Amino acid sequence: MSTKLFTNAQIVNEGTVTHGWVLTDGPIISATGEGQAPDSVKADETIDCRGRYLIPGVIDTHVHFRDPGLTEKADMASESAAAVAGGVTSFIDMPNTRPATVTVADAEDKMKRAAEVSEANYGFFIGAINSNLDELLAADYTRLAGVKLFLGSSTGNMLVDNASTLDKLFSSAPALIAVHAEDEAIIRAAREKLSIEHPEGIPVELHPDVRPREACIAATRTAIDLAERHGAKVHICHISTAEELTLIAEAKARGVKVTAETCPQYLLFDRNDFMRLGSRVKCNPAIKEASDRIALVKALCRGGVIDTIATDHAPHLLAQKEGDALTAASGMPMIQFSLPAMLDMADSDPESEGLDIGQIVELMCHAPARIFGIKGRGFIRPGYAADLVVVEKLPLPGHKVADSDAVSKCGWTPLAGRSLGYAVRLTVVNGGEGPLPLIFEKQ
Ligand code: DOR
Ligand code: ZN
Ligand code: ZN
């Protein structure tokens, strides 16, 4: 096992930025300090971080790596490589693969595959369906991140719509329940109405009307209500509307065990971007109004409502993205550029007053570790895993992203054409000793 010394770094950790050094010993951080490392601190390799930030590795708790079964789009090897290229050292993968991850054995298969090919630390959700409550209750939630629940069907159609199943799940699951919150009945009604109005096909820019904000608001209300009635711990994925922010703030004030995630796409784009980017920005939930985007950014600045930024990295081939609002695949790759894009947003978005790198590290590194109970990761602390990322703030005009930069198998990015003011220079997973399965504290 080797030792590494990161020197002259701007260390961003737990709300402070300090000039200092970090020493790793094998997979673990062994010491940290301010200023110059004393001469007594020796290492096999020294990494001079002068002029650069050193942050804990990003933990992306919401990815769709498509493996097994959808590997024409992406696979565990390709997407974990994209993760590492973007400073993401740990990921939690969603269950809408083929087969869907709805039994403990399915999850074990994914872990085996990840152990063979992943470049980043890995964890998995087990998915809820109307008929697998026994599996969900029997699962070992020190090895699994929690239960993923689709309250609304999206890619993979894993909808749970049986009220008594939902009650049983929320009253008995010994795990965090992560929810895709969109109301199926509201979406169906909107789809039918728009299909009549557009017999030639619904233009893709009407996607936010096919999956309207009311669907998100209603389902988030349902998820909060279930958590409140049963005392369950619920994590609302990919918040996309201003109203959901209010619902979550109110629920938190009442003591409901609710946490909330948003994603770079809801912070960087609004529905006007469909005219420029077409189905590249089609995802579920849909990207909403400019006012929603601003409300989400302002909520990050204020703090307290949105807990995490995850990517919902959902690669599809560009050929599968062709079509109209009903036929083009929903989802976009995001993992590789999420950290630079969020740091860039903090600096350059006129709405992001007060947002700084420390808060981005809280949202993308610390809070995911805390909320999901990820053991020994997410912070730069002696004894913690040496998951470390060196980031550089670039001189203006930054780096203009192109599809050809994409490491993801699908070979494109919705950020193509956008200039980002930051670049990831080095990502170290477990001190360079290789990826490990995530271990979760019991919820
Ligand atoms: O846009 C989306 N894509 N939303 C989801 O909920 C699923 C995801 C996917 O797997 O493609
Ligand atoms: Zn989702
Ligand atoms: Zn998702």
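The values are calculated or read from the model by the stated rules, or taken from the named source; none is laboratory data. Predicted model, so just to flag it, every value in this text is computed and none were measured. Cβ atoms come from the backbone with ideal geometry, glycine included; neighbour counts cover every protein chain shown.
Points to keep in mind about this one:
- The single residue among L194, L206, L166 that is away from ligand 2 (no atom under 15 Å from the Cβ), in contact (Cβ under 8 Å) with a residue 40 or more places away in the chain and within 23 Å of E243 (Cα to Cα) turns out to be L206.
- Test: S338 is within 18 Å of the chain's Cα centre (by Cα) and under 28 Å from P208 (Cβ atoms): yes
- Taking the stretch 316-370 as the range and being on the phi > 0 side of the Ramachandran plot and either assigned to a helix (DSSP H, G or I) or surrounded by 17 or more Cβ atoms within 10 Å (Cβ to Cβ) (or both) as the test, only G331 passes.
- When the helices (runs of 4 or more DSSP H) confined to the stretch 204-315 are screened for residues that are under 23 Å from F170 (Cβ atoms), those reaching at least 2 such residues are found at 213-230, 242-253.
- Tabulated pairs, the stretch 221-235, first farther than 15 Å from K148 by Cα, second among the aromatic types (F, W, Y) and surrounded by 17 or more Cβ atoms within 10 Å (Cβ to Cβ), C-beta under 9 angstrom, 6+ apart or interchain: R229/F170; H230/F170; G231/F170
- In the stretch 169-191, residue nearest to H230 (Cα to Cα) [restricted to those that are among the β-branched types (V, I, T) and touching a residue at least 40 places away in the same chain (Cβ under 8 Å)]: I177
- On inspection, Y384 passes the criterion of being crowded, with 16+ Cβ neighbours inside 10 Å and in contact with a Gly (Cβ under 7 Å, 6 or more places away or on another chain).
- Test: residue in the stretch 23-36 that is part of a loop (DSSP other than H, G, I, E, B), more than 16 Å from ligand 3 (Cβ to nearest atom) and crowded, with 24+ Cβ neighbours inside 10 Å: no
- Of the residues S408, S404, the single one that is modelled with pLDDT of 95 or more, more than 19 Å from the chain's Cα centre (by Cα) and farther than 25 Å from F6 by Cα is S404.
- Tally, over the stretch 390-427, of residues that are crowded, with 20+ Cβ neighbours inside 10 Å and under 22 Å from E45 (Cα atoms): 4
- Residue in the stretch 113-131 that is of a type in the set (D, E) and closer than 27 Å to T427 by Cβ present: yes
Every residue, every condition in (1) more than 23 Å from S2 (Cβ to Cβ); (2) over 20 Å from the mean Cα position of the chain (by Cα), yes or no:
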| position | (1), (2) |
| --- | --- |
| A367 | yes, no |
| D387 | no, no |
| V391 | no, no |
| G421 | yes, yes |
| P435 | no, no |
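- Inclusion of R52 among residues that are among the basic types (K, R) and within 16 Å of ligand 2 (Cβ to nearest atom) is not warranted.
- Of all residues in the stretch 49-64, exactly one satisfies the criterion of being within 8 Å of the chain's Cα centre (by Cα) and away from ligand 1 (no atom under 16 Å from the Cβ), namely I59.
- Filter result for A100 (of a type in the set (G, A, S) and within 16 Å of ligand 2 (Cβ to nearest atom)): yes
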